[in-house]
1. Go through the range 97-111 and give me each residue that's among the charged types (D, E, K, R) and touching a strand residue (DSSP E or B) at 6+ places or on another chain (Cβ under 9 Å).
2. So residue 82 ticks every box in (1) of a type in the set (A, V, I, L, M, F, W, C); (2) out of contact with any strand residue (DSSP E or B) (no Cβ under 9 Å at 6 or more places or on another chain); (3) crowded, with 16+ Cβ neighbours inside 10 Å but one. Which box is left unticked?
3. Between a residue in the range 128-143 that is touching a residue at least 60 places away in the same chain (Cβ under 8 Å) and within 23 Å of residue 178 (Cβ to Cβ) and any residue that is assigned to a helix (DSSP H, G or I) and of a type in the set (A, V, I, L, M), which pairs come within a Cβ distance under 6 Å, given they are 6 or more apart or on different chains?
4. Anything in the range 87-104 that is out of contact with any helix residue (DSSP H, G or I) (no Cβ under 6 Å at 6 or more places or on another chain) and assigned to a strand (DSSP E or B)? List them, or say none.
5. Pick from 44, 49, 68: which is farther than 21 Å from residue 110 by Cβ and modelled with pLDDT under 95?
6. Could you count how many residues in the range 26-71 are free of Cβ contacts under 8 Å to residues at least 24 places away in the same chain and either buried (at least 23 other Cβ atoms within 10 Å of the Cβ) or polar (S, T, N, Q) (or both)?
7. What is the one condition in (1) over 14 Å from the mean Cα position of the chain (by Cα); (2) without any contact (Cβ under 8 Å) to a residue 60 or more places away in the chain that residue 102 does not satisfy?
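The values are calculated or read from the model by the stated rules, or taken from the named source; none is laboratory data. Predicted model only: the values in this text are computed from it and were never measured. Note that each Cβ is placed from the backbone with ideal geometry, even for glycine, and that neighbours are counted across all protein chains shown.
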Amino acid sequence: MVYPQMLVRKVESDAVTPLPLAAVGLVALHGTALMPVALATIARLAAQRGPVWVVDGGNSFDALWVARFLASGTPGGPAPHLALARIHVSRAFTCHQLTERLLTLPASARPLVILSLLDTFYDENVPYEETRRLLNCIWPVVRDRSRAAPVLVTLAAPREAEAAGRRAFFDTFLRLADHTLGPAPEVARPSPQLPLWHAPAAGVPAAREVHALLHAPGAAAR
């Protein structure tokens with residue numbers, strides 16, 4: 001389901017409007033202008049629901065912005081420093097690190113927000129097939145967690161210089177998400193139907209398998 005364009009225009013004009021999330025499901029938020037919406041949603045979840053787990057793949061989490069948003073929130077909520085303490089942030093600077101962060105999350109890590117999920121997968125220094133292998137590892141985690149609790153991801157399309165076929169990562173994730181919110185595409189174009197992220201028969205890899213997955217033959221050096 002695509003969020004109505006009316007809501008897109010609203011959050012673009014009012015950047016501190018949290019995104020309403022259902023009890024379960026994968027929501028893909030795309031468009032750089034909508035990053036503040038993701039931060040506001042994290043703040044609202046921490047203030048109203050309790051612990052929130054954030055995996056940051058683009059150094060996008062701004063604790064000061066979140067604290068200011070919480071301070072300007074509805075009276076009667078928790079103090080900003082108490083709500084901030086409920087937000088567990090793990091940063092990743094390579095696609096290998098992001099994969100490892102997601103595969104080793106505790107079962108209690110819900111709701112989950114993944115900021116700039118695909119940014120590190122556009123790194124041209126990492127071979128294309130390697131990035132696909134890693135996405136194949138993390139997709140079952142994202143999918144299965146979204147069936148038990150809300151999962152919000154923010155996505156950006158690759159720049160032309162770094163695309164090299166990786167635009168399909170972005171298009172495929174939008175297609176697989178339960179809900180999407182972002183600017184309408186300027187030109188409708190078909191997305192290559194690549195065999196990305198097919199869930200392995202064994203389901204989500206166990207934590208003990210992470211080392212083997214990330215250090216399989218052909219894995220790029222970190």
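1. 101, 110
2. Of (1) of a type in the set (A, V, I, L, M, F, W, C); (2) out of contact with any strand residue (DSSP E or B) (no Cβ under 9 Å at 6 or more places or on another chain); (3) crowded, with 16+ Cβ neighbours inside 10 Å, only one is false for residue 82: (3).
3. Going by the 6 Å Cβ cut-off, the qualifying pairs are 137/213; 141/102.
4. Once the filter is applied, which keeps residues that are out of contact with any helix residue (DSSP H, G or I) (no Cβ under 6 Å at 6 or more places or on another chain) and assigned to a strand (DSSP E or B), the range 87-104 yields 88, 89, 91.
5. So the residue among 44, 49, 68 that is farther than 21 Å from residue 110 by Cβ and modelled with pLDDT under 95 is 68.
6. Here the count works out to 0.
7. Checking residue 102 against (1) over 14 Å from the mean Cα position of the chain (by Cα); (2) without any contact (Cβ under 8 Å) to a residue 60 or more places away in the chain, the one that fails is (1).
Okay, residues lined up against (1) of a type outside the set (Lys, Arg); (2) assigned to a loop (DSSP other than H, G, I, E, B); (3) more than 24 Å from residue 172 (Cβ to Cβ):
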{"position": "34", "(1), (2), (3)": "yes, no, no"}
{"position": "65", "(1), (2), (3)": "yes, no, yes"}
{"position": "106", "(1), (2), (3)": "yes, yes, yes"}
{"position": "121", "(1), (2), (3)": "yes, no, no"}
